[in-house]
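Read through the structure below, which is laid out as structure tokens, and then see the notes.
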Amino acid sequence: MNKKYEIEFDRLRNGLPKEPEPLRHQSGLELLRRFGIGPENFKANDVSSDERRDAFYDHLAETLQKSMPKEDYEKFYFDEDADVYSKLPESEKVALELLRGEFALKASEYSDEYIRLRGRKEDKKFVLDARNAITFLLQGLPDKQPGAYKRHEVRELIDHHLLNGMKTNSVDRRMSTLRAMFNKVALELELDDDLNHAFRDYDIPHLGEDAKDREDFTFEQLQDLRIAEIKRSPEVLWLMHLMLDTGLRVNECCGLRALDIVLDDQQPYLMLQKNPFRRLKTKSSRRFVPLVGVALKAVMDALDSAETEWLFPNYIDVEQAKTKNTSASAAVNKRIKVLLGEDAPTCHSFRHTMQTKLRNVDCPRDIRDELGGWSRTISDQYGSTADIDAKAKYLKASIDIRYRKIV
């Protein structure tokens with residue numbers, strides 16, 4: 001029930017009806033399948049196609065007869081040009097449009113089809129991104145078929161949002177989502193008129209030049225976070241400390257299992273590897289990371305309290321087989337603000353700060369990149385004891401050395 005209500009409120013917040021309507025294309029296609037026909041049968045002259053078309057048209061006539069006064073129906077029956085098909089139920093109208101090759105979707109209908117075709121209905125972020133892209137479009141342009149938009153309208157859409165203060169990278173993300181959405185849906189539903197849409201090869205002036213660099217934590221702020229204690233919800237503290245001294249992404253932390261932790265080694269470490277509940281961002285994200293400082297203590301405390309295979313079970317959605325990284329990030333960020341104030345950086349800045357700290361202890365770039373999960377270039381002995389010790393040396397050195405904050 002909670003999940004149902006969350007979906008309803010999410011739709012309302014995005015200006016959509018509380019209850020989603022059945023997808024039009026799907027309902028029409030299913031009706032045609034009941035009669036064993038498709039668009040290819042519309043102009044076919046074989047006996048089988050004739051019989052199936054006749055059965056479908058008989059169904060339409062019966063449907064109209066039930067929904068219209070007798071006089072109107074008789075007028076339609078003897079006048080094939082009478083405009084009565086608009087009185088058909090939606091699935092029948094769509095089926096007839098599909099059969100005739102006249103079916104089309106407006107841009108606002110693309111998001112639900114895109115979500116369905118990508119199989120991401122339960123992915124809240126994916127759904128929100130798709131719907132935000134449509135909201136972005138309709139804030140500047142009228143709702144029509146993607147193939148009906150002109151190049152000058154795409155230019156006007158970009159300019160509209162830039163003039164209203166949207167960052168260039170945000171505009172680019174929305175435009176990229178629209179392009180992917182229109183490409184996928186038009187291709188899969190064979191909407192030929194929309195395949196050659198104008199949402200490609202666009203230019204966003206001064207792209208990225210208005211981006212604000214993410215702020216690092218200061219040395220003093222990190223020291224305050226190291227000595228922080230939380231009596232309730234200790235998982236939040238463990239997550240925060242694990243990110244602080246490893247630079248791991250929040251999703252990578254949430255998906256850790258007890259079997260990913262190796263403590264009986266001269267240098268304790270964790271193994272980041274793909275599992276059914278957590279995808280890694282790139283192939284290079286699979287890596288071994290030494291555990292030092294408060295990260296080591298956090299992992300040991302989490303292991304001592306573990307009652308399942310997961311290190312942070314409160315941030316695992318077993319039913320949906322995924323991590324609750326958004327909730328985890330929000331919880332850690334809230335705790336950081338309580339400890340450091342409202343203007344404090346977010347937990348994602350731990351990754352940027354880690355790079356700053358490692359540069360300050362002269363850590364080679366290839367090791368920095370490998371620790372951050374950006375590349376794997378050190379040696380063929382990936383994950384060997386020597387490799388882990390080399391990484392640990394720089395991580396330990398970075399804990400106590402003061403560094404210049406990058407703003």
Given a Förster distance of 22 angstrom, what is the FRET efficiency for Glu51 paired with Glu30, based on the Cβ-Cβ distance and rounded to 0.05?
0.65
Could you state the number of Å between the C-alpha centres of segment 309-324 and segment 245-266?
15 Å
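Arrange the peptides 133-142, 90-99, 193-202 so that the one whose residues have, on average, the most other Cβ atoms within 10 Å appears first.
Details: 133-142: 17.8, 90-99: 20.1, 193-202: 15.5.
Taking the mean over residues of other Cβ atoms within 10 Å, the ranking is 90-99, 133-142, 193-202.
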Report the label-to-label distance for Tyr5 and Asp159 in nanometres (one decimal), using points 7 Å from each Cα along the Cα→Cβ vector.
4.7 nm
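Which of the three applies to segment 93-243, rounded, prolate or oblate, going by the alpha-carbon gyration tensor with a ≥ b ≥ c and a/c under 1.5 meaning rounded?
Working: a/c = 3.85, a/b = 1.85, b/c = 2.08.
Taking the square roots of the gyration eigenvalues as a ≥ b ≥ c, segment 93-243 is oblate.
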Label Ala148 and His59 with points 7 Å out from Cα along Cα→Cβ: what is the distance between them in nm?
2.8 nm
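Assuming R0 = 45 Å, can you tell me the calculated FRET efficiency for the pair Arg359 and Glu188, based on Cβ-Cβ distance, to the nearest 0.05? Walk me through the numbers on the way to the answer.
Numbers: r = 47 Å, r/R0 = 1.04.
That pair, Arg359 with Glu188, gives E of 0.45.
Under the rule a/c < 1.5 gives rounded, and otherwise a/b versus b/c splits prolate from oblate, where does segment 313-380 land using the Cα gyration tensor?
Numbers: a/c = 4.41, a/b = 1.34, b/c = 3.28.
Oblate shape, in that a/c is at least 1.5 and b/c is the bigger or equal ratio.
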For segment 90-168 and segment 182-216, what is the centre-to-centre distance using only Cα atoms, to the nearest Å?
12 Å
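Which of rounded, prolate, oblate describes segment 80-164, given a ≥ b ≥ c as roots of the alpha-carbon gyration tensor eigenvalues and a/c under 1.5 marking rounded, otherwise prolate only if a/b is larger than b/c? List each step's numbers first, then the result.
Numbers: a/c = 3.00, a/b = 1.49, b/c = 2.02.
Since a/c reaches 1.5 but b/c is at least a/b, the shape of segment 80-164 is classed as oblate.
Compare the peptides 165-172, 182-189, 225-232 by average per-residue count of other Cβ atoms within 10 angstrom and give them in order, highest first.
182-189, 165-172, 225-232
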Nearest 0.05, what FRET efficiency do Lys393 and Ile204 give at R0 = 45 Å with Cβ-Cβ as r?
0.55
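No lab work stands behind these numbers, since they all come straight from the coordinates. What you are looking at is a predicted structure, and each value in this text was computed from that prediction instead of being measured. Neighbour counts run over all protein chains shown; Cβ positions are idealised from the backbone, glycine included.
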